[in-house]
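See below for the structure under consideration.
What follows is calculated from the coordinates using simple rules that are stated; it is not laboratory data. These numbers come from a predicted model, not from an experiment. Cβ atoms come from the backbone with ideal geometry, glycine included; neighbour counts cover every protein chain shown.
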Amino acid sequence: MHFKLIVVMVEDHHTNEILAASREAGATGATVLNQARGEGLAPAKTFLGLSIGNQVDLILMLVEEHLSRHILEKIAKVGQFDETSGTGIAFQVDVEDAIGVRHQILALTETVEEII
């Protein structure tokens with residue numbers, strides 16, 4: 001079984017929606033890193049050197065490769081990434097190897113066999 005790492009940077013008030021949508025689409029878990037900061041086309045606004053932009057959460061999900069695109073599309077739809085500028089981004093990266101995911105493999109085997 002092969003995995004992809006989905007990385008999501010989203011405004012912190014949308015994190016729970018993204019997590020729920022990704023689980024519904026087939027993700028079996030996630031790691032959330034709170035209070036990250038991002039910058040897009042325009043630099044973040046500051047006041048006396050302090051950033052006044054929204055905080056973002058960084059969400060990391062190790063997902064099975066056959067489910068990854070569906071999960072990514074669901075995240076983009078729920079987060080409205082393409083409709084509204086600055087709401088967040090998501091991308092996937094190939095994972096060469098992973099350890100500690102045996103329980104996920106057992107849970108995903110039946111789901112992936114149905115897709116293939």
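Brief remarks on what is shown
- Nearest-0.05 FRET efficiency for E65 and S85, computed from C-beta distance (R0 22 Å): 0.15
- FRET efficiency estimate (nearest 0.05) - Cβ-Cβ, R102 to E73, R0 41 angstrom: 0.90
- Net charge over other residues, Cβ less than 12 angstrom from the Cβ of K77 (K, R count +1; D, E count -1): -4
- From phi via Karplus (6.51, -1.76, 1.60), per-residue ³J(HN,Hα) for region 5-13 in Hz, x at Gly/Pro: 9, 9, 10, 10, 10, 9, 4, 4, 6
- Proximal charge balance of V95 [Cβ under 10 Å; K/R count +1, D/E count -1]: -3
- Under the Karplus curve 6.51 cos²θ - 1.76 cosθ + 1.60, θ = phi - 60°, whole-Hz ³J(HN,Hα) for region 87-92, x wherever Gly or Pro sits: 7, x, 9, 8, 8, 10
- Computed from the C-beta positions of T109 and L5, the FRET efficiency with R₀ = 30 Å rounds to 0.90.
- Counting Lys and Arg as +1 and Asp and Glu as -1 over every other residue whose Cβ lies under 9 Å from the Cβ of V10, the net charge comes to -4.
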